[in-house]
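Please read the structure below before turning to the comments.
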Amino acid sequence: QRPELRKKPFVVLDGESATEMVFAANHAARSQGVEIGMTRLQAEAFSKVTTLRRVIEHEHTAHATLHRVACMFSPRIESVEERPGTYALDIRGMDLLYGDAGKLANKLRRSLMAAGFLANIAVAENYPAAVSLACGRTGVSVVPSGCEAHAIGQLPVTALHLAPEHEATFAAWGIRTCAELAALAETDLIARLGQVGKKLHSLARGTWPHLMFPIEASFEAGLVERMELDFPVEELERLLFLLSRMTTALLERVRGKARAIAALR
């Protein structure tokens, strides 16, 4: 909603007026030293940083818009809970509509930019690998099959969404990248960290399995088209004209959700 701020440093404040804290900050603000959790006074000490108030309704609108655009490119979408604002799309079979993975990813990014978002997109066969790459790289990344470990290896180990205690442990060990973590012996990690060590090792190698839980869209009410008439329709030609308008409107709504109709009654 504020495209003029896209390349300028700004922060979003949350809380009561007397105890407002920095809830979010864009990259430009963070590069100047702004940190999440700062007070309003601390944030305003950075002269070039714009401060905005958090508006929950705007966040809901943004998420709804983001979800609507994503639905145009895949019928199976999962919201990544640990990373708000991140979605995972199952794009198997979508090449018939959008071309190969690279073309689909670029078309998706252009659609998101047209809706007002700056988005990073990654395509990989492994779900956690795609999420980590999308959160750790700028622009569009397409990983060839079997190359997940190499692609993730270049990312900092923090891209695996570590718990604070594990982040401190790896910092003490001198482990900075996913490649360095993947090079460790899995048995040694399990001995020191337990089963979470096994998971982190697999995440760093791009082999951790994931069972997708797509967002279940409710279409029961959305696939009904109604029209109230002031007068009865007695001629078949006029009836078909009305049915044609209603069917066209119905198909437009279905197409916008990347769906197909199996039967029409």
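Residues in segment 51-88 that are in contact (Cβ under 8 Å) with a residue 12 or more places away in the chain and among the acidic types (D, E): 2 in all. Restricting segment 160-178 to residues that are in a loop (DSSP other than H, G, I, E, B) and out of contact with any Lys or Arg (no Cβ under 9 Å at 6 or more places or on another chain), which is surrounded by the fewest Cβ atoms within 10 Å (Cβ to Cβ)? Going through the qualifying residues, I end up with G174.
Within segment 1-29, restricting attention to residues that are free of Cβ contacts under 8 Å to residues at least 12 places away in the same chain and over 22 Å from I56 (Cβ atoms), which residue is most open to solvent (accessible area, probe 1.4 Å)? Applying the filter and picking the extreme gives H27. Checking L189, L181 one by one, the residue that is part of a helix (DSSP H, G or I), of a type outside the set (G, A, S), farther than 26 Å from D100 by Cβ and touching a residue at least 24 places away in the same chain (Cβ under 8 Å) is L181 and no other. Restricted to helices (runs of 4 or more DSSP H) entirely inside segment 19-122, those with at least 2 residues that are more than 25 Å from H210 (Cβ to Cβ) are 27-31, 40-44, 56-71, 101-114.
Please work out which residue is nearest to R2 (Cα to Cα), limiting yourself to segment 95-120 and to residues that are open to solvent by less than 20 Å² (accessible area, probe 1.4 Å) and not small (G, A, S). In this case the residue turns out to be L112.
Residue by residue through segment 125-159, note down the ones that are touching a Ser or Thr at 6+ places or on another chain (Cβ under 8 Å) and in a loop (DSSP other than H, G, I, E, B). If the condition is that a residue be touching a Ser or Thr at 6+ places or on another chain (Cβ under 8 Å) and in a loop (DSSP other than H, G, I, E, B), then E125, N126, Q154, L155 are the ones that fit. When the residues of segment 47-94 are filtered to those that are open to solvent by 50 Å² or more (accessible area, probe 1.4 Å) and touching a Gly at 6+ places or on another chain (Cβ under 8 Å), which remaining residue is nearest to S17 (Cα to Cα)? Residue satisfying both the conditions and the ranking: H63. One residue stands out in segment 236-263 among those that are exposed (fewer than 10 other Cβ atoms within 10 Å of the Cβ) and not in a helix (DSSP H, G or I): the one that is nearest to the chain's Cα centre (by Cα), namely A260.
The values are calculated or read from the model by the stated rules, or taken from the named source; none is laboratory data. Computed from a predicted structure; not experimentally measured. All Cβ positions, even for glycine, are placed from backbone atoms using ideal geometry, and neighbour counts span all protein chains on display. These area figures cover heavy atoms from the full protein model, side chains too; ligands, DNA and RNA do not enter into them. Shrake-Rupley method; radii C 1.70, N 1.55, O 1.52, S 1.80 Å.
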